Structures are given as C-alpha cells and as structure tokens.
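Notes follow the structure.
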Amino acid sequence: MATRRSATTKGSLGRSNEPPVLILTSLAGGPKHGYALTKDIEKFARVTLGPGSMYGAIARLEDRGLIEPETVGSNERRRPYRITGAGRVALEEVVREMRTLADEGARRLGISVSLPVIGVHP
C-alpha cells in the first residue's frame, strides 16, 4: 500500500513549487538574504514569492533547523541565510522524489529523458 505524502506531514517540505523547496534550492547555491532569494527563485523557477510566503517559510525552515542566519558581517535588515546539513538532507530527499516522479511520467509518456543525477555515478 502506497503512503501518501502531503505538505502538512511532519518533516515534509511539500511539492517542488512550495516555498520551502524553492528557498532550500536557492540556498544550496550559497547564502542569500530575502531579496536575493526572491530574485534567484524568480530566475530559476519562474515563481514570485510574496513577502508573507517568503518570510513565513524562512521562519519555519529556521525553526526546523534546515536553514540558519549568517552571523558574520550581517545586519538585521539584510540578514543572509544559509542551508544547514539537515537542510541539504531534506532537499536531497525531495529532489530524489521529484526525479522518481519525473522519470515515471517520462516513461509513461514514452519520452526519453537522459539527465544526469548529480552525485550519483552509474
């Protein structure tokens, strides 16, 4: 019997277009403050997060220990965040799930997808 995951499941980051997934993906490329996160997410995901969505998700990710503020050279207004080790593990999990789903969808559609998986060697 399959287990259904929902965005409300404890520990779940949600779907690929959910703010937590987008924020962790952005921070996987390096520390950023809120405005830089917004711009990066707009660039790679074509999604615009409003301040409420962005800062609400940042607070939840910080509470869960998946991101943390940079302490050196930052001020309260433009405080950069960075992904933690636990955040990397959580993001890897959701990326693998998305990859599995995308591969299955491609198989069922009969299309060939030959994208390498970073960090996995055949």
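Filtering segment 53-93 to residues that are among the hydrophobic types (A, V, I, L, M, F, W, C) and exposed (fewer than 13 other Cβ atoms within 10 Å of the Cβ) leaves Ala59, Val72, Val89. Of all residues in segment 22-37, those satisfying the criterion of being at pLDDT 95 or above and not small (Gly, Ala, Ser) are Leu22, Ile23, Leu24, Thr25, Leu27, Pro31, Lys32, Leu37.
For Val89, the criteria (1) over 20 Å from Asn17 (Cβ atoms); (2) without any contact (Cβ under 8 Å) to a residue 12 or more places away in the chain; (3) part of a loop (DSSP other than H, G, I, E, B) hold in every case but one, which is (3). When you scan segment 26-33, do you find a residue that is surrounded by 13 or more Cβ atoms within 10 Å (Cβ to Cβ) and touching an Asp or Glu at 6+ places or on another chain (Cβ under 6 Å), even just one? Yes, the conditions are met somewhere in segment 26-33. Kindly indicate which of Arg96, Arg4 is basic (Lys, Arg), modelled with pLDDT of 90 or more and surrounded by fewer than 13 Cβ atoms within 10 Å (Cβ to Cβ). Of Arg96, Arg4, the one residue that is basic (Lys, Arg), modelled with pLDDT of 90 or more and surrounded by fewer than 13 Cβ atoms within 10 Å (Cβ to Cβ) is Arg96.
Select, from Gly65, Gly119, the only residue that is modelled with pLDDT under 95 and more than 19 Å from Ala36 (Cα to Cα). Walk me through it before giving the result.
On the way: Gly65 fails: modelled with pLDDT under 95.
Every option except Gly119 fails the conditions.
Restricting attention to segment 39-52, the residues that are surrounded by 15 or more Cβ atoms within 10 Å (Cβ to Cβ) and at pLDDT 95 or above total 2.
The values are calculated or read from the model by the stated rules, or taken from the named source; none is laboratory data. These numbers were taken from a predicted model, which means no experiment stands behind them. Because the Cβ atoms are built from the backbone with ideal geometry, glycine has one as well, and the counts that use them run over all protein chains shown.
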